[in-house]
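For reference, the structure discussed in these notes is given below.
The values are calculated or read from the model by the stated rules, or taken from the named source; none is laboratory data. Worth saying up front: this structure is predicted, and the values here are computed from it rather than measured. Reconstructed Cβ throughout: ideal geometry from the backbone, glycine too, with neighbour counts over all protein chains shown. SASA here: full protein model, heavy atoms, side chains in, ligands and nucleic acids out. Shrake-Rupley method; radii C 1.70, N 1.55, O 1.52, S 1.80 Å.
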Amino acid sequence: AIGETAAIAADASLRESGIFAALGPHATDTVSAPLWRRIVATAAELGGLPVHTHLAQSAEEVRAVSRANNGLSPLGLLHHTGMLGSQLPLMLVHGNYLSGADLDLLGEPNQARGTRFRCARRPRSRRRARVRGWRGRGRTRAGVNRR
């Protein structure tokens, strides 16, 4: 699969048509810290491929990541493994359970390190997971879109 992804990434005619390659590890609770490091290296080796992943979608994910990674949050795991600050384009999906400390990681100091990211919230998944509140102002300051 990486070979096919690399071929898509290298094909200028596909890029001109609006087709591009990306890496899509599922979520922070299904990908280990060593694999996140490998994803960062692979995306960089392939010319800075975007990375798309589900992040802090559920309270269960946050607890599982914390247990497996010495108390780190899902976003803290991405920071610890070099994904944040890697200058790779990131699409972080959900973010239902981002903490204030997580928002600080996404804010100005992180932007200074060069990471480009979008965090797409999914209102339907928030309702299904019974997530209350969105802390919109803090998320907006951190660069999290609200659509």
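Take the alpha carbon atoms of segment 1-45, find their center, do the same for segment 80-98, and report the distance between the two centers in whole angstrom.
Taking the Cα centre of segment 80-98 as reference, the centre of segment 1-45 is 14 Å away.
Would you mind computing, in nm to one decimal, how far apart the modelled labels at Ile2 and Phe20 are, each placed 7 Å from Cα along Cα→Cβ?
Simple spin-label model gives 2.2 nm for this pair.
Once phi is turned into ³J(HN,Hα) by the Karplus curve 6.51 cos²θ - 1.76 cosθ + 1.60 with θ = phi - 60°, what whole-Hz value does each residue of segment 78-93 show in order, with x for glycine and proline?
So the Karplus estimates, Gly and Pro as x, are 5, 5, 4, 8, x, 5, 6, x, 7, 6, 7, x, 10, 10, 9, 9 Hz.
How much accessible area per residue does segment 35-84 have, counting only protein heavy atoms and a probe of 1.4 Å, in square angstrom?
Numbers: 2280 Å² over 50 residues.
Per-residue value: 46 Å².
Can you list the residues, at least 5 places off or on another chain, whose amide H is less than 5 Å from the amide H of Ala27, using H built in the peptide plane?
Sorted by chain and number, the residues that satisfy this are His54.
I need the phi-derived Karplus couplings for segment 61-75: 6.51 cos²θ - 1.76 cosθ + 1.60, θ = phi - 60°, integer Hz, Gly and Pro marked x.
4, 4, 5, 5, 5, 4, 4, 7, 9, 6, x, 6, 7, x, 5
At Ser66 and Ala41, where each label point lies 7 Å from the Cα along Cα→Cβ, what is the point-to-point distance in nanometres?
3.1
Across segment 1-117, what fraction of all alpha-carbon pairs, as a whole percent, falls in each successive 10 Å bin from zero upward?
Distribution as computed: 14, 45, 30, 11, 1 percent.
For segment 1-117, with only Lys/Arg (+1) and Asp/Glu (-1) charged at the beta-carbon, what is the dipole magnitude about the Cα centre, in debye rounded to 20? Could the numbers behind the result be given before it?
On the way: 7 positive and 10 negative charges, 44 e Å.
The dipole magnitude comes to about 220 debye.
Return P(r) of segment 60-99 (all Cα-Cα pairs; 5 Å bins starting at 0; whole %; ordered from short to long distances).
Bin by bin from 0 Å, the calculated values are 6, 24, 29, 24, 14, 3.
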